[in-house]
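Colleague: So that we are looking at the same thing, I have put the structure below in structure tokens.
The values are calculated or read from the model by the stated rules, or taken from the named source; none is laboratory data. Every value quoted in this text rests on a predicted model; they were computed, and no experiment measured them. Every residue, glycine among them, receives a Cβ derived from its backbone with ideal geometry; neighbour counts consider all protein chains shown.
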Amino acid sequence: MTLENFPPLMFLGLILIMLIGFPVAFSLAALGLISALVAIYQGWFPASFLSSLPLNVFGILSNDLLLAIPFFTLMGTILEKCGLAEDMLDSMGQLFGPIKGGLGYSVIIVGFILGAITGTVAGQVIAMAMISLPVMMRYGYNMRYATGVLAASGTITQLVPPSLVLVVLADQLGKSVGDMYKGAWGPSILQILIFAIYTFVLTRLRPDDLPGIPKESRTLNGWALWAKCLRGIIPSAILIFAVLGSMGGLPGLDTAIATPTEAGAMGAVGAVILALLHKRLNWALVKEAMNGTMRITAMVVFILIGSRMFSLVFQGVDGGKWIEHLLSNLPGGQIGFLIVVNVFVFFLAFFLDFFEIAFIILPMLAPVAEKLGINMIWFGVLLCVNMQTSFMHPPFGFALFYLRGISDTLFKNGSLPKKVESRDIYLGAIPWVVMQLLLVVIVIFVPQTVTIFLDKEEKIDLDKVQIEMPVDAMPGNAADDQKAMDELFKNAAKSDAADAARAASEPAK
């Protein structure tokens, strides 16, 4: 065994242990430790090399940015339990219901709004399915469309700010969370438009599959209906603007007045207030939300510790150089690299969630992307767009599992007229996965979908152009001032040289 062959073996071992299904955090740590023992025995690095591991772990625990994860998780968990989804789906369903595909449009819009305030796929899919699936089946919606739109609208929460995925990607790429949020707005809106266009096309091709709800079935009309819609939208919009605006994560806001951790804490307080307004705030809700937050935070920390153990040894045996050489020489330059990386991440997402991909795979890919001159905000948002498909992959997508479980529960308690077959759920998900992949292609070949709101870098480039502008090209007084400054520096240099020569010619005292 040689040093050149060891990084590929470690990488293959990484893929193998992830496919086994044992908890990734412990598998990574074990693989890193075994690889370290082999490397020390072979003399590729000394045992003292591992002394930096405690400092790496301490760096994880002292990372202020990662403190935002429990706050955003707590905010999302409280909001998904407080009845906000039920109220919004009911009002939006009655507002759009009379038009063909109206229930589909309402699910897409509510999924987008909930995605911007909850950030949890499981709660969003379950809440929307419990409310909308019985209504869709009652009025004769196509089963595969109904299950597909519910699952896809639930996974949009991975992309819409303030997504936890974007916080983690910003940390791993060393970029501002606010800039990452700004970059994600374009693809988020575009994803919703693609879903809505697909729904509209289906209403024209197969109108019987997406019927409108009879007006006599509506329980609210006129101002009462609009008032109920606004009661759900306005508080949600205030919370979104407060959390994202304080971090500079909204288009047009370049100044952040709060860190992501502070914004997350403010969002958690706002979620408690919303739960109080909906009269759902109680100790059981708070306890359940805190337990869920604790589990997710502990999982993230253990995955980070295991990934640091593996990456430390991987870098020690020149694994970073092997990855860089492998990916930087791909045909097609940046586009070739992005296509290969996204295909790789797409298939990894069959088996891994976004935390594992972000903490394990991204540190290997980011240095190569930066060396190729790729905008790292664009790169991070692109991977986020790709990773949202991980919840929709048949047959491993977690959103499909959640939908499977809740549909069985609804059928058993009599809410559904017939059982939803797994075949319908899986086949119904395929068109929506294709639409998510279409967005990946659009973001690769039209980077302006991400950079349109990132005007900070353009301002920096303009400053560089002004600094490097030739003197003769400067307008009016600026050129004269520059020439005067140059003459002043030349005279000062001549004076210093004359003083030095005079001092050298004088005899030493």
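Colleague: Could you grab me the full set of residues in the range 379-399 that are among the hydrophobic types (A, V, I, L, M, F, W, C) and buried (at least 20 other Cβ atoms within 10 Å of the Cβ)?
Modeller: If the condition is that a residue be among the hydrophobic types (A, V, I, L, M, F, W, C) and buried (at least 20 other Cβ atoms within 10 Å of the Cβ), then Phe379, Val381, Leu382, Leu383, Cys384, Val385, Met387, Phe391, Met392, Ala399 are the ones that fit.
Colleague: Let me ask something else about it. Quick check on my filter: what residues within the range 96-124 are modelled with pLDDT of 80 or more, among the aliphatic types (A, V, I, L, M) and in contact with a helix residue (DSSP H, G or I) (Cβ under 7 Å, 6 or more places away or on another chain)?
Modeller: Of everything in the range 96-124, those that are modelled with pLDDT of 80 or more, among the aliphatic types (A, V, I, L, M) and in contact with a helix residue (DSSP H, G or I) (Cβ under 7 Å, 6 or more places away or on another chain) turn out to be Leu103, Val107, Ile108, Ile109, Val110, Ile113.
Colleague: Is one or more of the residues making up the range 350-361 without any contact (Cβ under 8 Å) to a residue 60 or more places away in the chain and part of a loop (DSSP other than H, G, I, E, B)?
Modeller: yes
Colleague: Within the range 176-189, track down each residue that is surrounded by 19 or more Cβ atoms within 10 Å (Cβ to Cβ) and not small (Gly, Ala, Ser).
Modeller: Val177, Asp179, Met180, Tyr181, Lys182, Trp185, Pro187 - these are the residues of the range 176-189 that are surrounded by 19 or more Cβ atoms within 10 Å (Cβ to Cβ) and not small (Gly, Ala, Ser).
Yes/no matrix, rows are residues, columns are (1) buried (at least 17 other Cβ atoms within 10 Å of the Cβ); (2) assigned to a helix (DSSP H, G or I); (3) without any contact (Cβ under 8 Å) to a residue 40 or more places away in the chain:
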| residue | (1), (2), (3) |
| --- | --- |
| Lys287 | no, yes, yes |
| Gly292 | yes, yes, no |
| Ala298 | no, yes, yes |
| Leu304 | yes, yes, no |
| Arg308 | yes, yes, no |
| Val313 | yes, yes, no |
| His325 | no, yes, yes |
| Gln334 | no, yes, no |
| Leu338 | yes, yes, no |
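Colleague: Shifting gears a bit: Can you confirm whether the range 325-344 contains a residue that is among the polar types (S, T, N, Q), more than 13 Å from Leu173 (Cα to Cα) and at pLDDT below 80?
Modeller: So far as the range 325-344 goes, yes, one or more of its residues are among the polar types (S, T, N, Q), more than 13 Å from Leu173 (Cα to Cα) and at pLDDT below 80.
Colleague: Under 8 Å between Cβ atoms, which residue pairs at least 6 apart in sequence (or on different chains) link something in the range 431-452 that is farther than 19 Å from Arg144 by Cβ with a partner that is of a type in the set (Asp, Glu)?
Modeller: Thr451/Glu457
Colleague: Which one of Leu454, Leu462 is modelled with pLDDT under 80, of a type in the set (A, V, I, L, M) and either under 19 Å from the mean Cα position of the chain (by Cα) or not in a helix (DSSP H, G or I) (or both)?
Modeller: Working: Leu462 fails: either under 19 Å from the mean Cα position of the chain (by Cα) or not in a helix (DSSP H, G or I) (or both).
Residue meeting the stated conditions: Leu454.
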